[in-house]
Amino acid sequence: MNRRNFTQLAGMSGLGLFSGASVSAAAKSSTKHSYNLAYAPHLGMFRHHAGNDPIDQLNFMADQGFTAFEDNGMRNREVALQEKMAQTMSKRGLRMGVFVAHEIYWKKPNLASGDLAMREEFLNYIKKAIPVAKRVNAKWMTVVPGHVDLRQNMAYQTAHVVESLKQAAALLEPHGIVMVLEPLNFRDHPGLFLAESPQAYEVCKAVDSPSCKILFDIYHQQIQEGNLIPNIEKCWDEIAYFQIGDNPGRKEPTTGEINYSNVFKYIHSRDFDGILGMEHGNSRPEKAGEQAVIDAYIEVDQFL
């Protein structure tokens, strides 16, 4: 049965439009799904079902069978809330995914510029992110090197970025924490230094640290370079984390052009044991849209 139709079928059953057997089949399809990969929703994705309280939202995610959670804004949350969220995640079997480690400069060169004050600012953010990661049991934190410096050759910029990341990796390695570099597409984020997966691969190889890896955002790389599975394969030994979003629209899988069933099948075939962050919006509003997100993940995951 198509799980997207469950809510509609259940409503019709109340009107006596379906037989008992059909109602039973619909009820069976709503049972908690056991996912093959660790998909990670974020706060707000299911607020129409769970309400606005972060703890209630975490519990709802776990009730739906999700085993991970990510929160870009975690470092800016109150310590008491971080601790309460960590306790809930531990209790409900949710692994913590990424949070953004530092202030991202969307229009200003920072790491690419080689400016020592900008480098020091970045390293201070990394230092402050370490206790946050420990508090919420996070292994990964997102890093974006910022805008290109149009006054410098790209090779010099790369050298500047690599040096900054080497120093950051030295801070992270003793704690077993990994910064994941996220290439971002030219359409949504024009002018950023890091845009493509081969470039991220080159940078990670130059940094040469277990604490510097790639966050492969499937949405961004579909726009930027396409050729998804071959590029994932080429970068595999440096990828530590994935993020998800279909294109166009940056909504849940099955709403756009990406064949997520095949992409996930490849990732699963490589025995990936990390997290895949659901960094996208919902294609439809309110509860129906939230159920559509759940149904979409069941659909693309069930044949892995």
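Being closer than 29 Å to Asp271 by Cα, among the charged types (D, E, K, R) and in the same structural domain as Val180 (by TED's automatic domain parsing): is that true of Asp71 here?
Details: closer than 29 Å to Asp271 by Cα: yes; among the charged types (D, E, K, R): yes; in the same structural domain as Val180 (by TED's automatic domain parsing): yes.
The answer is yes for Asp71.
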Is the range 119-142 home to any residue that is touching a Lys or Arg at 6+ places or on another chain (Cβ under 9 Å), within 27 Å of Asp188 (Cα to Cα), assigned to a helix (DSSP H, G or I) and of a type outside the set (Phe, Trp, Tyr)? yes
Could you list, ordered by first residue, the pairs with Cβ atoms under 7 Å in which the first is in the range 106-119 and touching a residue at least 40 places away in the same chain (Cβ under 8 Å) and the second is crowded, with 19+ Cβ neighbours inside 10 Å and of a type in the set (Gly, Ala, Ser), at least 6 apart or interchain? Pro109/Gly146; Leu111/Gly146; Leu111/Ser164; Ala112/Gly146; Arg119/Ser164
Criterion: at pLDDT 95 or above and more than 23 Å from the chain's Cα centre (by Cα) - qualifying residue of Ser30, Ser113: Ser113
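Inside the range 205-304, counting only strands (runs of 3 or more DSSP E) that do not spill past its ends, which hold 2 or more residues that are more than 29 Å from Asn52 (Cα to Cα)? Can you show your working first?
Details: elements: 212-217, 239-243, 275-277.
Of the strands (runs of 3 or more DSSP E) lying wholly inside the range 205-304, those with at least 2 residues that are more than 29 Å from Asn52 (Cα to Cα) span 212-217, 239-243.
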Can you find even one residue in the range 242-250 that is surrounded by fewer than 20 Cβ atoms within 10 Å (Cβ to Cβ), assigned by TED's automatic domain parsing to the domain that holds Asn72, of a type in the set (Asp, Glu) and modelled with pLDDT of 95 or more? no
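If I filter the range 74-85 for residues that are farther than 23 Å from Pro131 by Cα, of a type outside the set (A, V, I, L, M), free of Cβ contacts under 8 Å to residues at least 40 places away in the same chain and surrounded by fewer than 16 Cβ atoms within 10 Å (Cβ to Cβ), do I get at least one hit? If you could, list the steps in order and put the result at the bottom.
Within the range 74-85, the subset farther than 23 Å from Pro131 by Cα is none.
Looking for residues that are farther than 23 Å from Pro131 by Cα, of a type outside the set (A, V, I, L, M), free of Cβ contacts under 8 Å to residues at least 40 places away in the same chain and surrounded by fewer than 16 Cβ atoms within 10 Å (Cβ to Cβ), one finds none in the range 74-85, hence no.
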Being hydrophobic (A, V, I, L, M, F, W, C) and either in contact with a His (Cβ under 6 Å, 6 or more places away or on another chain) or farther than 22 Å from Pro131 by Cα (or both): is that true of Ala50 here? yes
Assuming Phe69 fulfils every condition listed in (1) surrounded by fewer than 16 Cβ atoms within 10 Å (Cβ to Cβ); (2) over 30 Å from Gly191 (Cβ atoms) apart from one, which condition is it? (1)
Matching residues in the range 37-83 - criterion: being polar (S, T, N, Q) and in contact with a Lys or Arg (Cβ under 7 Å, 6 or more places away or on another chain): Gln57, Asn59, Gln64, Thr67, Gln82
Let me spell it out: the conditions are (1) crowded, with 20+ Cβ neighbours inside 10 Å; (2) touching a Phe, Trp or Tyr at 6+ places or on another chain (Cβ under 9 Å); (3) on the phi < 0 side of the Ramachandran plot, and Val148 meets all of them except one. Which number is the exception? (1)
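The values are calculated or read from the model by the stated rules, or taken from the named source; none is laboratory data. All values reported here derive from a predicted model rather than from experimental measurement. Here the Cβ is made from the backbone with ideal geometry for all residues, glycine too, and neighbour counts use every protein chain on show.
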